[in-house]
Amino acid sequence: MSNKKLSPTEGIKINSDGLRGTLKQSLKDGHTGNVRPDDEILVKFHGMYVQDDRDRRAERAEKKLDKFYSFMIRLRIPGGIINAQQWQSLHDISEQYGTGTLKITTRQTVQLHGLLKHQIRPTIQAFNTAALDSIAACGDVNRNVTVSAHPQVSPIHQQVYEYADKISTLLLPKTQSYYEVFVDGEKIYDRSSEADPLYEDRYLPRKFKIGIAIPPSNDVDVFTNDIGLIAVIENNELRGFNIAVGGGLSTTHGNPDTYSRLATVIGFTDTEEKTLKAVYEVLTIQRDYGNRSDRKLARLKYTVDRMTVQGFKEELEKRIGFQLQEERPYTFTERNDRYGWEQNSAGKWYYNLFIENGVVQPHQKEFLYKVSKLEISNFIFTTNQNLIIGEVESENKQAIQALIDEYAIETNQSGIRKSSMACVALPTCPLALAEAQRYLPELVTKIEPLLAKHGISEEEISIRMTGCPNGCGRSYVAELGFVGTGPGQYNFMLGGDRYGLRLNKIYKEKLNEQQILEETDNLLLQYVNERTNGELFGDFTYRKFFSNN
């Protein structure tokens, strides 16, 4: 891409002095709640986004006031597991800073919203004390590595989970600017350890995501990632990983050059050394060949398609120095979390708590704090935006059950509600065109009677909503997908399958709520009357509307 003009972001990265920019000066500037324009780009690499309360924009503009700026901070938690003491710290920090709300993300971590600029450094310092950080949780680098959440899915879950941390560590930026700017404030003069053979001074052309699936569960939506690793398990032994490349969901309304893409499996690696080498070199190819002139076309999916899958594979094998083996067989038969109590092969107990769209409600937050004070469990974030209370010994299970009863913690939700997911959207996301997190629960409440009317209340039809076409709520791999196009309007997406193996397509454009409910009612009627034996809703709609396209 060297013959094309670089995007402005590329210059900001190269001239950032290891992602430092003028962040120290921006944090001290009391004239605005924002940071300087170039620093808005750089804070992402440190796990933060600048946001403002869009509900208050008009009111503040009328008063000739600056936007009500705040920051979202997202933690880096490979595999999504923290201990009881860290949960206590997370609870206390969220009570002291930001809005007080904990938001579990679709990438198996947690984020705080509403932090004011003067709260950033004390918040990060408090996280650092708890051995938590937000390094590379956002920005043009590898982000939080996800892995199938529930240890009950496989006896070798722990072995696969450890890959998340190994990959995260391998792909961390070398710069120590995070600690210099946000933690101790001391200028680092010896930069010799900051030489970065992976990211150099350019970093990647765009964000990068890695997910690790443990069949039979595809809870991580492995094919939506830039790199998807699928654990191949035979006789309860990990044989290696199928490697898929080029997944990504984000599109841009009105730009036909952008598209969603599921990752393509290009081969199999049978050792840890080979797997890590392959993952690393996929990033170097994206670093060297990714589009640095148009950020809308900068994800790995476009690089793979431009090089062709075979061309990409050949370049990868040249860089890793060995040939990938043939893809090994695997099967996905579930994608939802396993709610309630489950016991793993080692006899430990796990309680999966339903947290709608990842927003931890006040009574849930108080309950979880009480559980953490017992210090008899860990806490596992899931990629379905829920939370597992894990590693509970049999003799300690009743103590947690007593708190479940005391706080009336209920996991008995409808199938469609348990299968729902939404991005944050309004009021804080600057890209949102429509509601998502605040609206989807209401829409589900209106769809549930339709399911009852047609006698399919227990169907776990996946329903997902995003406030814009970026796809953070993974709506493009849902059976019922809704993508915001404007206030109260959504593209209605159909034809995705139950397990995340097929993208959906636009069925109807720019529908309002009444139109959505009317279409859904009609579709459910057709489904009940015309489905084949055992046919799931997404497969039915694909067959009916898209299979001949």
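Which one of 443, 426, 433 is under 30 Å from residue 114 (Cβ atoms) and at pLDDT below 95?
Unique residue meeting the criteria: 426.
Taking residue 175, is it surrounded by fewer than 24 Cβ atoms within 10 Å (Cβ to Cβ) and either in a helix (DSSP H, G or I) or of a type outside the set (Asp, Glu) (or both)?
Judged against the criteria, residue 175 is not a match.
Can you tell me which of (1) surrounded by fewer than 22 Cβ atoms within 10 Å (Cβ to Cβ); (2) in contact (Cβ under 8 Å) with a residue 60 or more places away in the chain; (3) within 19 Å of residue 183 (Cβ to Cβ) is the one residue 75 doesn't meet?
Result: residue 75 fails condition (1) only.
Output the residues belonging to the range 301-331 that are of a type in the set (Asp, Glu) and in contact (Cβ under 8 Å) with a residue 60 or more places away in the chain.
Within the range 301-331, just 327 meets the criteria.
Can you work out which of the residues in the range 37-72 that are of a type in the set (D, E, K, R) and touching a Leu at 6+ places or on another chain (Cβ under 8 Å) is surrounded by the fewest Cβ atoms within 10 Å (Cβ to Cβ)?
Looking at the filtered set, the residue picked out is 55.
Would you pick out the residues in the range 288-305 that are under 14 Å from residue 199 (Cβ atoms) and crowded, with 19+ Cβ neighbours inside 10 Å?
Within the range 288-305, 290, 292 qualify.
State which residue pairs qualify: first residue more than 21 Å from residue 463 (Cβ to Cβ) and inside the range 406-432, second residue β-branched (Val, Ile, Thr) in any location, beta carbons under 9 Å apart, and separation of 6 or more residues or different chains.
Cβ pairs passing all conditions: 430/50.
Residue-by-condition table, conditions (1) without any contact (Cβ under 8 Å) to a residue 24 or more places away in the chain; (2) of a type in the set (A, V, I, L, M); (3) within 19 Å of residue 421 (Cβ to Cβ); (4) in contact with a Phe, Trp or Tyr (Cβ under 6 Å, 6 or more places away or on another chain):
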site: 226; (1), (2), (3), (4): no, no, no, yes
site: 233; (1), (2), (3), (4): no, yes, no, no
site: 243; (1), (2), (3), (4): no, yes, no, no
site: 261; (1), (2), (3), (4): no, no, no, no
site: 264; (1), (2), (3), (4): no, no, no, no
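Conditions: (1) out of contact with any Cys (no Cβ under 7 Å at 6 or more places or on another chain); (2) aliphatic (A, V, I, L, M); (3) without any contact (Cβ under 8 Å) to a residue 40 or more places away in the chain. Residue 400 meets all but one. Number of the miss?
That leaves (3) as the condition not met.
Would you point out the residue of the range 247-269, among those that are hydrophobic (A, V, I, L, M, F, W, C) and part of a loop (DSSP other than H, G, I, E, B), that is nearest to the chain's Cα centre (by Cα)?
Looking at residues that are hydrophobic (A, V, I, L, M, F, W, C) and part of a loop (DSSP other than H, G, I, E, B), I get 249.
Condition check ((1) modelled with pLDDT under 95; (2) under 28 Å from residue 248 (Cα atoms); (3) of a type in the set (Asp, Glu)) across all residues:
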| residue | (1), (2), (3) |
| --- | --- |
| 27 | no, no, no |
| 42 | no, yes, no |
| 59 | yes, no, yes |
| 79 | no, yes, no |
| 84 | no, no, no |
| 91 | no, no, no |
| 116 | no, no, no |
| 124 | no, no, no |
| 128 | no, no, no |
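State all residues of the range 107-159 that are assigned to a strand (DSSP E or B) and under 26 Å from residue 31 (Cβ atoms); if no residue qualifies, say none.
Scanning the range 107-159 gives 112, 113, 114, 115.
Return the only residue of 134, 168 being in contact with a Lys or Arg (Cβ under 9 Å, 6 or more places away or on another chain), crowded, with 22+ Cβ neighbours inside 10 Å and either in contact (Cβ under 8 Å) with a residue 60 or more places away in the chain or aromatic (Phe, Trp, Tyr) (or both).
So the residue among 134, 168 that is in contact with a Lys or Arg (Cβ under 9 Å, 6 or more places away or on another chain), crowded, with 22+ Cβ neighbours inside 10 Å and either in contact (Cβ under 8 Å) with a residue 60 or more places away in the chain or aromatic (Phe, Trp, Tyr) (or both) is 134.
Assess whether residue 81 counts as being among the β-branched types (Val, Ile, Thr), under 18 Å from the mean Cα position of the chain (by Cα), farther than 23 Å from residue 464 by Cβ and buried (at least 21 other Cβ atoms within 10 Å of the Cβ).
Spelling it out, residue 81 is indeed among the β-branched types (Val, Ile, Thr), under 18 Å from the mean Cα position of the chain (by Cα), farther than 23 Å from residue 464 by Cβ and buried (at least 21 other Cβ atoms within 10 Å of the Cβ).
Exactly one of these conditions fails for residue 141: (1) β-branched (Val, Ile, Thr); (2) over 22 Å from residue 69 (Cα atoms); (3) surrounded by 24 or more Cβ atoms within 10 Å (Cβ to Cβ). Give me its number.
It is condition (3) that residue 141 fails.
Condition check: part of a helix (DSSP H, G or I) and more than 22 Å from residue 160 (Cβ to Cβ). Does residue 274 satisfy that?
No: the conditions fail for residue 274.
Looking at the range 525-544, is at least one residue in contact with an Asp or Glu (Cβ under 6 Å, 6 or more places away or on another chain), of a type in the set (Val, Ile, Thr) and closer than 25 Å to residue 219 by Cβ?
no
Looking only at the range 209-250, count how many residues are at pLDDT below 95 and surrounded by 24 or more Cβ atoms within 10 Å (Cβ to Cβ).
0
Which of the residues spanning the range 91-126 are touching a Leu at 6+ places or on another chain (Cβ under 7 Å) and over 11 Å from residue 74 (Cα atoms)?
Across the range 91-126, the qualifying residues are 94, 97, 98, 117, 120, 121, 123.
The values are calculated or read from the model by the stated rules, or taken from the named source; none is laboratory data. None of these values were measured; they are calculated from a predicted model. Every residue, glycine among them, receives a Cβ derived from its backbone with ideal geometry; neighbour counts consider all protein chains shown.
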